[in-house]
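The values are calculated or read from the model by the stated rules, or taken from the named source; none is laboratory data. Quick caveat, the model's predicted, so the values are computed rather than measured. Here Cβ is always computed from backbone atoms with ideal geometry, including for glycine, and neighbour counts include all displayed protein chains.
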Amino acid sequence: MSRSRKAKAKAKDKPDPAAEAFAEGMRLAMANPALDAVGFRVCREENCPRAPRDGLVTVDSNGTLHVNPFRRAEPAAWAWAVAHAVIHLGFGHVPAAAGTREQPDRYDLAARCVVVNRFLLGFSPGPGPEHLPAAYPDGDEDRLAALWRRDGIPARYERCGTAGAEPDQVLVSWNAWNGAAPADWQVAFAHGLTRTMSAAMDVAGGRRTSMGEKPVPLRPWERALSWFVSSYPLLGGLAAGITLVADAELARAHGISVAAVDTGAAEIYINPLCRFDDEEWRFVLAHEMLHAALRHGDRCGTRDPYLFNVAADYVINGWLCEMQVGRMPEGLLHDPDLKDLSAEEVYDRLAGDLRRMRRLATLRGKGAGDILGGPLGAPRDYVDLDEFYRRGLARGLDLHQRHERGFLPGGLVEEIRALSHPPLPWDARLARWFDEFVPRPEPLRSYARPARRQASTPDIPRAGRWYPPEEVARCTFGVVLDTSASMDRTLLGKALGAIASYAEARDVPAARVVFCDTAPHDAGYLPVAEIAGRVRVHGRGGTVLQPGVDLLHRAEDFPPGAPVLVITDGYCDVLRVRREHAYLVPSGARLPFTARGPVFRVT
């Protein structure tokens, strides 16, 4: 063997540090599934005309990365350069096309490199070169290029690419191998990003321990919940915040035949022994999510909870059948004759047929409602669920209608819109009641009571403003106050303070106050400023309010048109008030009778 051949063989066997560093950088970059999905090629030939002379990588619109074979760099720098070039392909900066190509100018090149580097701040497989800036301006590449054509390119953004002073993006005519159509690098990159995000969510959810590991197959109810998140905007926001609890022992212990929901914990309890397919589980989960989101458990009021649960089942199942969400399992409650009725209207119909009620069953089972009153697991901290359900349904409805994802029943849309506008707080409603039923005294003008004359016109007499006694007596109201031992002092303070402030704002001079426990105590007319401050609560016995109401009815000095405000905690007798009236009760309290006037619940 000649000396030259021996030298070449020895050089071939000697390790190449530049090649090894590049190979390691490629491995780091390809560990990201989104970059690996683009399907680019690498050219590292010594005589490649497109390889940069003093840079690292140049990318062309054929999807080829031209690498400088003589440049030595750390593997992390190579990984960053490869990621930068591949993202140029993924962002559509070098789209594949046939025919003559017009190269981008220096402003487009700089703007595109800035956009890619800004993306790489949170996506890079390795640190970039030290000369790159730490922050980048906002805006897309077209806006930045137009701005820089007008004002010039800032020096720090002039050389942000991977080819040094040369362009790192080259447009060439599509090299149609076997007549293939031009590749779409953007679609490939978007699909890769989607798979990467899905893998990251699987890791966060415990379905896999790493990005490269295969996920554990989803169970049917998990696939149904994932379908809502990805494909059904109306309930997607709710599904993202719902926790599924599939425990056969828990379901058996609490008598859950198929499913039940606890709105406070945002948990749906599943019986995993039910052999439903994906379509049936979609129906079941949508049913429970609508129970929670429409707050059927709280809307029950004084009605029978199980019967109201059944009525809500009829309404929800009818909606889901119209919307064609999944497939309704056999045996669920559905009656086409109840279409377009609210849960309250269906309840009124069912209440007249008790024999039919005993034959009805919810998803939890016969005789048990699938709306639970509390979580079945250990207690924990929860978010504001009213806001969560209201926001989830409202945003879902907007997305559903904007993208025209299917038919929605008018009754469901009406209820969601109603949830989007929560009721007024109790104090605002009380203020409206005062405005409507408590008259404001109207002053009269009279020269018998002259007003002060103006300094500029002392010779001109002016009529004075005064309130006739009969007008003052007409503008008042009555307060029947429950002073039994069960009344909360916080409720008394809030109620009396609100009454005093509203009465004073309407120029009401005095209010007739009656304290009630075992017997009424007439405090007479009190100035409104003293109602909340210096009133002493009499008595602490039992609660009988009707004598206090009768006292106002019989009082000759109490105007017949004056309204009455009853403040109680609900532990009282049945009241009959024969004039305009309202009730002020604690939040969650129930009156032992059907109120004929408005009920303001103090929170």
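In region 136-153, the residues that are under 13 Å from Val114 (Cα atoms) form Cβ pairs under 7 Å with partners that are modelled with pLDDT of 90 or more and hydroxyl-bearing (Ser, Thr, Tyr), at six or more places apart or across chains, as follows: Ala145/Tyr107; Trp148/Tyr107; Ile153/Tyr107.
Any residue in region 253-261 that is surrounded by fewer than 23 Cβ atoms within 10 Å (Cβ to Cβ) and assigned to a helix (DSSP H, G or I)? Checked against the condition, which is being surrounded by fewer than 23 Cβ atoms within 10 Å (Cβ to Cβ) and assigned to a helix (DSSP H, G or I), region 253-261 yields at least one hit.
Can you pull out the residues in region 118-145 that are touching a Pro at 6+ places or on another chain (Cβ under 8 Å) and not in a loop (DSSP other than H, G, I, E, B)? Passing the criteria: only Leu144. The condition (being more than 23 Å from Leu408 (Cβ to Cβ), part of a loop (DSSP other than H, G, I, E, B) and among the aliphatic types (A, V, I, L, M)) is satisfied by just one residue among Leu250, Leu273, Leu244: Leu273.
Here's the yes/no breakdown for (1) assigned to a loop (DSSP other than H, G, I, E, B); (2) at pLDDT 70 or above; (3) within 22 Å of the chain's Cα centre (by Cα):
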| site | (1), (2), (3) |
| --- | --- |
| Gly352 | yes, yes, no |
| Arg364 | yes, yes, no |
| Glu387 | no, no, yes |
| Arg390 | no, yes, yes |
| Gly396 | no, yes, yes |
| Glu404 | yes, yes, yes |
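Out of Asp105, Asp54, report the one residue that is among the charged types (D, E, K, R) and either out of contact with any helix residue (DSSP H, G or I) (no Cβ under 9 Å at 6 or more places or on another chain) or not assigned by TED's automatic domain parsing to the domain that holds Gly39 (or both). So the residue among Asp105, Asp54 that is among the charged types (D, E, K, R) and either out of contact with any helix residue (DSSP H, G or I) (no Cβ under 9 Å at 6 or more places or on another chain) or not assigned by TED's automatic domain parsing to the domain that holds Gly39 (or both) is Asp54. With respect to the conditions (1) in contact (Cβ under 8 Å) with a residue 60 or more places away in the chain; (2) assigned to a helix (DSSP H, G or I); (3) of a type in the set (Gly, Ala, Ser), Gly39 falls short on a single one, namely (2). For region 238-254, the tally of residues that are farther than 24 Å from Gly396 by Cα and in contact with a Leu (Cβ under 9 Å, 6 or more places away or on another chain) stands at 7. Taken residue by residue, region 146-162 has no member that is part of a loop (DSSP other than H, G, I, E, B), surrounded by fewer than 20 Cβ atoms within 10 Å (Cβ to Cβ) and of a type in the set (S, T, N, Q). A Cβ distance below 8 Å, combined with a sequence gap of six or more or placement on separate chains, defines the contacts here; from region 553-581, residues that are within 19 Å of Cys475 (Cα to Cα) reach residues that are of a type in the set (S, T, N, Q) in the pairs Phe558/Thr476; Pro559/Thr476; Ala562/Thr476.
Conditions (1) closer than 24 Å to Thr100 by Cα; (2) modelled with pLDDT of 85 or more; (3) not charged (D, E, K, R), marked per residue:
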site	(1), (2), (3)
Pro137	no, yes, yes
Asp140	no, yes, no
Arg150	no, yes, no
Ala188	no, no, yes
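Checking the stated criteria, Thr263 turns out to be modelled with pLDDT under 85 and under 28 Å from Leu399 (Cα atoms).
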